[in-house]
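*Asks:* Below is a structure I'd like to ask you about.
Since every read-out is calculated from the coordinates, none of them should be taken as a lab result. Quick caveat: nothing in here was measured; it's all calculated off a predicted structure. Glycine also receives a Cβ, built like all others from the backbone with ideal geometry; neighbour counts cover every protein chain displayed.
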């Protein structure tokens, strides 16, 4: 077996492999099959007994890799024959890859990768070529060739996940939508091509709700022309914009969520002036030099205008549908100006609220009739909204019009309500923690803990609840599950002194683009407890367990422990590291190979609440919303009546409006 040494350093190969992006690796391997003129490309995910992905197999029936091409293909970075050709080997398709780097991405799927390819060499002899590589020596490939006269041509890539790295991204809810969107242009244009992923055939035609092509002009004098194809999907939340030189290949991709949040869509921008250098500039957005920057801006404007028009069209179609089905609450045409005005208001309001109106004929008729009567006979139900709208300044009316073209009225209301509710919750939490009378009745586990399970945003927007009031062994199982590793044979996890331990709240956020998991463990103490060295030792015991126990061993995870109380004594205050007094960090052991990064913090509730208030301050000021303690306490009563002490469930028992000063 011969060995090829790649003409690039191992760290360069590692960077080009993008080993944290497994989905992109699958995309590139599928494109390799398409560029090899395959009619069928199949991706198989093989799982072990714990349901973790152990092998990724990509099979195509293309012309394969011949023995004449091995050294040029696997022996150097760049210089691919594709760079000097527009067509595939037999001229059947336009080429996608041109840089010769796609094969390296296979290392994102497994530590050991094998290519087995049957092809014809330049002498017309059919051969089987086997090429193998390993993540430990990314710059070296071993290969061999044997005769294979009977086998059909094609390539099988097998990536074996020997290191048990997490490949959970390949099973995520949105991966099918991502692949379908990415390959939609070529699948819609080439009926001979079939792509199957994990036993599911990618068939974009079945998922298309609407398909629109737009021609745009850009440049200082409009001298350039490009095409924008907008495909709206029936389901999913995929929103992306693709750029490429033709209507099939789109090497550059960016998120489209900020541009349009209502529709699930893919927008394909094609301009024949997008060569490799121009594509590299698109990441700069509107700061890219012209004409690339002009293309980027013009394309986004066209997409924005398209969806604004689609929303207006949907509202008109919905009104027409109600009329045809006989549930529209008006008959005939309006006969005077007041009737015209009333009907215009009804059409706007009902069109905006359509997602909240039942699809059953009986319920929809009732809802629309009540809405009509509210506008006509009982305007008090709409007085507040209408009064605020008609009293808006011209600038605010323009802003509202623009917002309604970008999102829905219900979404605006939900956003404002979310901010107002959070501000009221902070006011109510202040009362529970600092009121001289009521704070003494609030328990750590019976009340505070259970309420905060539903308000995790207090500790960070990105976190999700993993465990509540569970032991260290369950923490280990949860961590292993997030890593995509087996959880069946986890030994009991204990602290250094051999005792078991229970944490209050275990939150976690998984950043898939970096293959990184961030854990947050919150230890809560009741309002009447002042933290001392005893509580710090408890948390330090958890820190040492995570640092040293093999169940938590991973360089791709970090753990933050936060001890929260109303106050702490001077000894605790002295433990806080001088350079981190604003965050309360008191423990941060140095990093060790193969071990997670672990930190510990101690915080006063006063500081946590004030930080959240500062984050909300801009929005609450803009909303002109400043809840009182009474309003905050009433909000907590409404939301968590069953979780409060009995003495706090009766409004008649309320005390003074202003709480006592919080301890420092």
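*Asks:* With r as the distance between the Cβ atoms of residue 39 and residue 440 and R0 = 56 Å, compute the FRET efficiency 1/(1 + (r/R0)^6) and round to 0.05.
*Replies:* Working: r = 75 Å, r/R0 = 1.33.
After rounding to 0.05, the efficiency reads 0.15.
*Asks:* If packing is taken as the mean number of other Cβ atoms within 10 Å per residue, what is the order of 573-580, 154-161, highest first? Mind dumping the intermediate values first?
*Replies:* Numbers: 573-580: 12.2, 154-161: 21.5.
Averaged packing, sorted descending, gives the order 154-161, 573-580.
*Asks:* Follow-up. Using a Förster radius of 45 Å, what is the FRET efficiency between residue 339 and residue 642 based on their Cβ-Cβ separation? Nearest 0.05, please. Mind dumping the intermediate values first?
*Replies:* Values: r = 49 Å, r/R0 = 1.10.
The value I calculate is 0.35.
*Asks:* Continuing with this model, one more query. Please report 323, 89 as a ranked list, fewest other C-beta atoms within 10 angstrom at the top and most at the bottom.
*Replies:* Numbers: 323 12, 89 18.
Result, fewest neighbours first: 323, 89.
*Asks:* Stretched out fully, how many nm does the piece from residue 570 to residue 261 gain, at 0.36 nm a residue minus the Cα gap? Don't skip to the answer; put the middle values down first.
*Replies:* Values: separation 309, 0.36 × 309 = 111.24 nm, distance 5.01 nm.
Difference between extended and current length: 106.2 nm.
*Asks:* Also: Could you sort the peptides 215-222, 168-175 by per-residue average Cβ neighbour count (10 Å cutoff), highest mean leading?
*Replies:* 168-175, 215-222
*Asks:* How would 559, 31, 457 line up from fewest to most surrounding beta-carbon atoms within 10 angstrom?
*Replies:* 457, 31, 559
*Asks:* If each residue's Cβ is checked for other Cβ atoms within 10 Å, how do 613, 362 rank with the fewest at the top?
*Replies:* Working: 613 15, 362 9.
Fewest to most other Cβ atoms nearby, the residues stand as 362, 613.
*Asks:* Sorting check: for 585-595, 177-187, 303-313, which peptide has the highest mean count of neighbouring beta carbons within 10 Å, and how do the rest follow? Don't jump to the answer; show the numbers that get you there.
*Replies:* Working: 585-595: 13.5, 177-187: 22.7, 303-313: 15.8.
Ranking the peptides 585-595, 177-187, 303-313 by packing returns 177-187, 303-313, 585-595.
*Asks:* Given R₀ = 56 Å, FRET efficiency for residue 214-residue 650 by Cβ-Cβ distance, to 0.05?
*Replies:* The pair residue 214/residue 650 has a calculated efficiency of 0.35.
*Asks:* Still on this structure: Run the numbers for residue 366 and residue 225: contour at 0.36 nm per residue of separation, minus the present Cα-Cα distance, in nm. Mind showing how you got there, number by number?
*Replies:* Working: separation 141, 0.36 × 141 = 50.76 nm, distance 5.03 nm.
Between residue 366 and residue 225, full extension yields 45.7 nm more.
*Asks:* A further question follows. I want to check the label-to-label distance for residue 191 and residue 534. Put each point 7 Å from Cα in the C-beta direction and report it in nm to one decimal.
*Replies:* The two pseudo-label positions are separated by 7.9 nm.
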